[in-house]
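Input: a single structure, listed below in structure tokens.
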Amino acid sequence: THMGKQMAEYLNGTPQANPWRDLTFKRIPGHFGPPWFLPFAGTYYKAKDMVR
């Protein structure tokens, strides 16, 4: 696809191929900061595995 080709070019060292280079907002949505919630998520999924 076009996006795959563009990202491959960017990863090969062509910064002009990055289609998001001119965007001013952060490119990674979601949580920022230390992952304090990961132990809780791990415990939750361990409990779910034990129930199955």
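Within the range 11-21, the set of residues being open to solvent by less than 90 Å² (accessible area, probe 1.4 Å), on the phi < 0 side of the Ramachandran plot and at pLDDT 85 or above comprises THR14, PRO15, ALA17, ASN18.
Residues checked against (1) in contact with a strand residue (DSSP E or B) (Cβ under 8 Å, 6 or more places away or on another chain); (2) open to solvent by less than 100 Å² (accessible area, probe 1.4 Å); (3) at pLDDT 90 or above:
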residue	(1), (2), (3)
LYS5	no, no, yes
ALA8	no, yes, yes
LEU23	no, yes, no
PRO29	no, no, no
GLY33	no, yes, no
THR43	no, yes, yes
LYS48	no, yes, yes
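Annotation note: Cβ proximity below 6 Å between a residue of the range 1-30 that is free of Cβ contacts under 8 Å to residues at least 24 places away in the same chain and a residue that is aliphatic (A, V, I, L, M) and open to solvent by less than 90 Å² (accessible area, probe 1.4 Å) (sequence gap 6+ or interchain) occurs for GLN6/ALA17; GLU9/ALA17; TYR10/ALA17.
The values are calculated or read from the model by the stated rules, or taken from the named source; none is laboratory data. All figures in this text were calculated on a predicted structure; none of them were measured in a lab. With ideal geometry, Cβ positions are generated from the backbone for all residues, glycine too; neighbour counts draw on all protein chains shown. Note: areas computed on protein heavy atoms with side chains; ligands, DNA, RNA excluded. Shrake-Rupley method; radii C 1.70, N 1.55, O 1.52, S 1.80 Å.
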